[in-house]
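Engineer: One structure is given below, represented as structure tokens, and several questions about it will come after.
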Amino acid sequence: MSRRVLLRFLVVLTGLVAFLPQAWALVEININKGNVEPLPIAVTDFVATGDLGQRITDVIAADLKRSGLFAPVAKQAFIEKISNPDQPPRFEDWKVINAQALVVGRVTQEGDGRLRAEFRLWDTFAGQQMTGQQFFTQPENWRRVAHIIADAIYERITGEKGYFDTRVVYVAESGPKNARKRQLAIMDQDGANSRALTNSNDIVLTPRFSPSRQEITYMSFEGNQPRVYLLQLETGQREVVGNFPGMTFAPRFSPDGQRVIMSLQQEGNANIYTMDLRSRTTTRLTSTAAIDTSPSYSPDGSQIVFESDRGGRQQLYVMGADGSGQNRISFGDGAYSTPVWSPRGDLIAFTKQSGGKFSIGVMKPDGSGERILTTGFHNEGPTWAPNGRVLMFFRQNAGAGGPQLFSIDLTGYNEQQVPTNGYASDPAWSPLLE
């Protein structure tokens, strides 16, 4: 059975949301302020048979905490034990422990075997319900339900879409440094449910998600021949995008998922090409004696950012989707690489090498407003969460055995390691799952 069938669920708005008088100023987080003080939130164990309710709420609380915007209150501090989530809680019991928001819920099994999970989000100081939803799914998808509930809470309080019900494809690395094995792997955004996508000894690089379906593109040296592949995640079906002379680098999808943009090396230089995935026709966009690579489309598909050493050192350039109007946008000290456009369209993330260190930063599409978010011995390869508020990248510390994945938000304050099985590099964040 396909993953899509397994993960199909029904979201039902059940009238759980109370009508709120406009006089109430409900709790919210302004995530545009910079460094935000995390909001204290109590996530109670959902009423359920066995420990499933606790497992679901543990995932919800972990998602919210990892965002850096929420501070889950320790369960040991709870005064009221929620036994009926349909009844309003005793707000004074939650205010006294400074839980400004409260999550309650229930998990039951339907007669047809499906799980029914429902939750309510309360503003304890206003004494009002903020939202409530219920979901039906297969029992094996309980973690997805937890991520979806966390997304709903995140969106209701921040006003922004969440990013927890997503996956990350990455390069899993193992073995000694001089004989490193690299395979494609995929996991939930929190590191759970990791599994390999390839099992050969051939080197794989730069996996990227399609924005429109569960498909990835990546580069492989299978048979010592560098090729770009498409891999359908639901079926495991794989196909070669095309056979090109010379090296092929950094494939990435267009926003509509109908094209792949990449860098092809011929006669010592590299230029940027697009390929229509239906007709398999290619179009050349740059023509220089330099190395033009790492192209990334703007969300509306009208522009492309890429890196080029045409000025003597790697810098970032922006051009029209047809290759017109190529303009340099990076002018700081150091070399710039691996640019990727934010899903929101407002920023471009990049890797910057300067002073013997590697940084992850962002700038506006015109090159203004450059900000460095994190610096280390070797940081590289940023990828955006689908809401454009969080970045993931890989880092290797001096003397360490191999690279690891990290995430950081746009404030630069909330940096943390993403758990993986072994070494990991080249992460690519999926869109929100369907």
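The values are calculated or read from the model by the stated rules, or taken from the named source; none is laboratory data. A quick note: this is a predicted structure, and the numbers were derived from the prediction, not measured. No Cβ is skipped: glycine too gets one built from the backbone with ideal geometry, and neighbour counts run over all protein chains shown. Please note that ligands, DNA and RNA were not included when accessible areas were found on the heavy atoms of the full protein model with its side chains. Shrake-Rupley method; radii C 1.70, N 1.55, O 1.52, S 1.80 Å.
Engineer: Carbon and sulfur atoms: what percent of the 1.4 Å accessible area of the chain do they account for?
Structural biologist: The computed percentage sits at 47.
Engineer: Let me ask something else about it. For ARG371 and ASN421, calculate 0.36 nm times their separation in residues minus their Cα-Cα distance, and state this gained length in nm to one decimal.
Structural biologist: Stretched fully, the ARG371-ASN421 segment lengthens by 14.9 nm.
Engineer: Also, quick follow-up: What ³J(HN,Hα) values, in whole Hz, does the Karplus curve 6.51 cos²θ - 1.76 cosθ + 1.60 give for region 261-266 when θ = phi - 60°, with x put for Gly and Pro?
Structural biologist: Residue by residue, region 261-266 yields 10, 7, 10, 10, 9, 9 Hz.
Engineer: Highest GNM mean-square fluctuation, the chain, Cα pairs closer than 10 Å: which of GLU80, GLU173, GLU267?
Structural biologist: Result: GLU267 has the largest fluctuation of those listed.
Engineer: Here's another thing I want to ask about it. If you fit an axis through the alpha-carbon atoms of helix 52-66 and take the longest principal axis of the Cα set of the chain, what angle between them do you get, 0 to 90°, nearest 10?
Structural biologist: 50 degrees
Engineer: Can you work out the PRE-style zone for GLU434? Point 7 Å along Cα to Cβ, and I want the residues of region 189-212 with backbone N under 12 Å.
Structural biologist: Taking a point 7 Å out along Cα→Cβ of GLU434, the residues of region 189-212 whose backbone N falls under 12 Å are 211-212.
Engineer: State the answer as a single residue: which of THR283, PRO72, LEU373 lies farthest towards the positive end of the charge dipole of the chain, with beta carbon charges of +1 for Lys and Arg and -1 for Asp and Glu, about the Cα centre.
Structural biologist: THR283
Engineer: Report the local net charge at ASP58: Lys and Arg +1, Asp and Glu -1, summed over other residues whose C-beta lies under 15 Å from its C-beta.
Structural biologist: Surrounding charge for ASP58 is +1.
Engineer: Just to check I understand the Karplus step: with θ = phi - 60° and J = 6.51 cos²θ - 1.76 cosθ + 1.60, what whole-Hz values come out for region 356-367, glycine and proline as x?
Structural biologist: Karplus-based 3J(HN,Hα) across region 356-367 equals x, 10, 10, 10, 10, x, 9, 8, 6, x, 8, x Hz.
Engineer: Return the label of the correct value of semi-axes √(5λ) of the Cα gyration tensor in Å, as calculated from the structure shown, out of [x] 31, 26, 24; [y] 42, 24, 20; [z] 32, 26, 18.
Structural biologist: Label of the calculated value: [y].
Engineer: Could I ask something else about it? With every protein chain kept in place and ligands, DNA and RNA left out, what is the accessible area per residue of region 59-188? Probe 1.4 Å, answer in Å².
Structural biologist: 38 Å²
Engineer: Which semi-axis lengths, in whole Å and largest first, follow from the square roots of five times the eigenvalues of the Cα gyration tensor of region 118-166?
Structural biologist: 22, 14, 6
Engineer: Tell me the relative contact order for region 330-426 as a rounded percent, counting alpha carbon contacts under 8 Å between residues six or more apart.
Structural biologist: Once divided by the residue count of region 330-426, the mean separation gives 18 percent.
Engineer: Quick one: which residues, 5 or more positions from PHE70 or on another chain, have an amide H under 5 Å from its amide H? H modelled 1.01 Å from N in the peptide plane, none for Pro or chain starts.
Structural biologist: When sequence neighbours closer than 5 places are left aside, the close amide H contacts are LEU39.
Engineer: When Lys and Arg each count +1 and Asp and Glu each count -1, what net charge do the other residues less than 13 Å away from TYR154, Cβ to Cβ, add up to?
Structural biologist: Net of charged neighbours comes to -2.
Engineer: Another question, if that's okay. Just to verify a number: FRET efficiency for GLN225 and ARG278, C-beta to C-beta distance, R0 = 22 Å, to 0.05?
Structural biologist: 0.35
Engineer: How much FRET efficiency would the formula 1/(1 + (r/R0)^6) give for GLU110 and ASP58, where r is the Cβ-Cβ distance and R0 is 22 Å, rounded to 0.05?
Structural biologist: Once rounded, the FRET efficiency stands at 0.45.
Engineer: Also, quick follow-up: In deg cm²/dmol, rounded to 500, what helix-only [θ] at 222 nm does the chain give when every DSSP H run of at least 4 residues adds -39500 (n - 2.57) and the total is split over its residues?
Structural biologist: Dividing the helical sum by the residues of the chain leaves -3000 deg cm²/dmol.
Engineer: Sticking with this structure for a sec: To the nearest 10 degrees, how steep is helix 142-158 against the longest Cα principal axis of the chain, on a 0 to 90 scale?
Structural biologist: Compared with the principal axis, the helix lies near 90 degrees.
Engineer: Using the Cα centre of the chain as origin and beta-carbon charges of +1 (Lys, Arg) and -1 (Asp, Glu), tell me which of PRO419, GLY401, ALA101 is placed farthest towards the positive end of the dipole.
Structural biologist: Checking the options against the dipole of the chain, the answer is GLY401.
Engineer: Next question, about the same structure. Can you give the net charge of the other residues whose Cβ lies under 15 Å from the Cβ of TYR423, counting K and R as +1 and D and E as -1?
Structural biologist: +2
Engineer: So how much slack lies between LYS81 and LYS161, counting 0.36 nm per residue of separation and subtracting their Cα-Cα distance, in nm?
Structural biologist: This chain segment gains 25.8 nm when fully extended.
Engineer: Can you tell me the FRET efficiency between ASN199 and ASN243 if r is taken as the Cβ-Cβ distance and R0 is 30 Å, rounded to the nearest 0.05?
Structural biologist: After rounding to 0.05, the efficiency reads 0.85.
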